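The values are calculated or read from the model by the stated rules, or taken from the named source; none is laboratory data. Values in this document were obtained by computation on a predicted structure and should not be read as measured data. Every residue, glycine as well, gets a Cβ built from its backbone with ideal geometry; the counts of neighbours run over all protein chains shown. Surface areas here come from the heavy atoms of the whole protein model, side chains and all, with no ligands, DNA or RNA. Shrake-Rupley method; radii C 1.70, N 1.55, O 1.52, S 1.80 Å.
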Amino acid sequence: QVQLVESGGGLVQPGGSLRLSCAASGSIHTIYTMGWYRQAPGKPRELVATITSGGSTNYADSVKGRFTISKDNAKNTVYLQMNSLEPEDTAVYYCNGRLRTIQLVLPREYWGQGTQVTVSS
């Protein structure tokens, strides 16, 4: 079994910063990609940023230049540094991992439970 556990959400004023963390644990064989998605009320879930095992990154246009995704392979942890936060960034942020477990040959996607980020004065 695999678990993705997020932390670091909260309330921040516009222009402020937050750092999200997501730790993957369990019977992990290989992590291919990890990333962050978000879902605001009444809107579909959208990609925020992803990072591959090789370190390649991808960002939504709306966060480029403000958010940075990084990872610590030794800890199976991915981070999202969010700077210059805007009220439009308010959402539940979900960690996503595409990985292979020890038991299964084929990789699949796993999701965390989500962490709330609220940007408001």
Among the residues of the stretch 54-67, write down those that are surrounded by 14 or more Cβ atoms within 10 Å (Cβ to Cβ) and either in a loop (DSSP other than H, G, I, E, B) or in contact with a His (Cβ under 9 Å, 6 or more places away or on another chain) (or both). A60, R66
Do we have any residue at all in the stretch 76-98 that's of a type outside the set (S, T, Y), out of contact with any helix residue (DSSP H, G or I) (no Cβ under 8 Å at 6 or more places or on another chain), open to solvent by 50 Å² or more (accessible area, probe 1.4 Å) and free of Cβ contacts under 8 Å to residues at least 40 places away in the same chain? no
Across the stretch 1-20, what is the total count of residues that are part of a loop (DSSP other than H, G, I, E, B) and either within 17 Å of T118 (Cβ to Cβ) or charged (D, E, K, R) (or both)? 7
Being in contact with a Leu (Cβ under 7 Å, 6 or more places away or on another chain) and open to solvent by 30 Å² or more (accessible area, probe 1.4 Å) is the filter here, so list the residues in the stretch 29-53 that pass it. T30, I31, Y32, Y37
Step by step: first the residues of the stretch 10-28, then only those that are of a type outside the set (A, V, I, L, M, F, W, C) and more than 30 Å from E86 (Cβ to Cβ), then the one that is surrounded by the fewest Cβ atoms within 10 Å (Cβ to Cβ). Which residue is that? S27
I need a count of the residues in the stretch 21-45 that are outside any strand (DSSP E or B) and either in contact with a helix residue (DSSP H, G or I) (Cβ under 9 Å, 6 or more places away or on another chain) or of a type in the set (D, E, K, R) (or both). 3
